[in-house]
1. From the list Ile18, Ile11, pick out the single residue that is farther than 22 Å from Gly147 by Cα and in contact with a strand residue (DSSP E or B) (Cβ under 9 Å, 6 or more places away or on another chain).
2. Pairs under 7 Å by beta carbon, first residue over 13 Å from Ile86 (Cβ atoms) in region 55-71, partner of a type in the set (Gly, Ala, Ser) and surrounded by fewer than 22 Cβ atoms within 10 Å (Cβ to Cβ), six or more apart or different chains?
3. Any idea how many residues of region 134-146 are under 19 Å from Leu183 (Cα atoms) and buried (at least 19 other Cβ atoms within 10 Å of the Cβ)?
4. Within region 118-153, which residues are of a type in the set (Ser, Thr, Tyr) and in a strand (DSSP E or B)?
5. Name the single residue, out of those in region 77-117 being in a helix (DSSP H, G or I) and in contact with a Lys or Arg (Cβ under 9 Å, 6 or more places away or on another chain), that is nearest to Arg30 (Cα to Cα).
6. Which residue pairs have Cβ atoms under 9 Å apart, sit 6 or more places apart or on different chains, and have a first residue in region 110-135 that is over 16 Å from Ala156 (Cα atoms) and a second that is part of a helix (DSSP H, G or I) and of a type in the set (Phe, Trp, Tyr)?
7. Does region 30-51 hold any residues that are crowded, with 20+ Cβ neighbours inside 10 Å and of a type in the set (Asp, Glu), and which are they?
8. Give the residue that is surrounded by the most Cβ atoms within 10 Å (Cβ to Cβ), with candidates limited to residues of region 52-72 that are assigned to a loop (DSSP other than H, G, I, E, B) and at pLDDT below 95.
Amino acid sequence: MSGDWREAATIGELYEAIKDCRRCSLGQTRNNLVLGTGDEHADIMFVGEAPGFHEDRQGIPFVGPAGQFLDQLLASIGLRRSQVYIANTLKCRPPDNRDPSPEELETCTPYLFKQIEIIAPRIICTLGNHATKTLLKTSTGITQLHGKLLHRDGLAYVPLFHPAAALHKPPLKSVLIEDFQRLREHLEAERARWRREGEPEPEPALESPAESDEPEQMGLF
């Protein structure tokens with residue numbers, strides 16, 4: 001790593017500081033460190049689990065089939081990828097798309113928290129169990145939390161099923177589509193709250209749109 005990543009004031013500075021990170025074993029097996037993509041000043045930030053095969057090759061999160069589905073979900077509520085920020089809890093791909101280990105999460109998530117500090121989003125959408133449990137510091141699973149608006153430490157969170165899980169378990173697809181419509185409603189409610197509290201309201205980002213078992217949260221392929 002070059003420079004102190006804790007002093008980074010922009011996403012670009014953070015990337016330059018950690019692009020050669022070897023703090024855990026994933027630094028030895030990755031092709032590219034995948035930091036994030038999108039608007040550095042976005043009101044909405046999406047946080048997934050870890051890079052997959054395509055992400056590791058391109059250095060960009062959510063570019064495989066799950067990423068294409070995420071783009072469709074964004075479009076369904078009048079958003080483009082360029083209007084949000086997308087990242088993962090881990091910045092390097094775990095071999096064979098296995099789940100992140102507790103040690104890897106402990107090592108890598110400080111980078112995620114630094115991204116959140118820089119971007120200062122109004123709403124963070126956690127995609128899947130790992131992101132939800134890591135950011136909300138909860139043991140409650142995504143099945144119980146999905147689609148709900150939760151407030152923690154001055155930030156609003158909306159847990160969502162991971163798009164990859166929805167692609168592998170078709171019944172979850174319609175649930176995720178419905179939860180994105182709830183996300184639109186949550187954002188409108190948050191805007192109303194900002195007005196009541198006298199906070200400057202962000203520029204509008206949304207346009208008009210032209211389960212019994214705990215689901216396995218898949219990696220991206």
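The values are calculated or read from the model by the stated rules, or taken from the named source; none is laboratory data. Only a predicted model underlies this, so the values are computations on that prediction, with no experimental measurement involved. Ideal geometry is used to build each Cβ from the backbone, glycine not excepted, and the neighbour counts take in all protein chains shown.
1. On the way: Ile18 fails: in contact with a strand residue (DSSP E or B) (Cβ under 9 Å, 6 or more places away or on another chain).
Result of the check over Ile18, Ile11: Ile11.
2. Partner pairs satisfying both residue conditions: none exist.
3. Our first condition is that a residue be under 19 Å from Leu183 (Cα atoms); within region 134-146, this holds for 135-136, 141-146.
With the extra rule that they be buried (at least 19 other Cβ atoms within 10 Å of the Cβ), the set shrinks to 135, 142, 145-146.
The total comes to 4.
4. Across region 118-153, the qualifying residue is only Thr126.
5. Cys108
6. Listed by first residue and then by second, the contacts come to Pro110/Trp5; Tyr111/Trp5; Lys114/Trp5.
7. Asp43, Glu49
8. This residue is Gly52.
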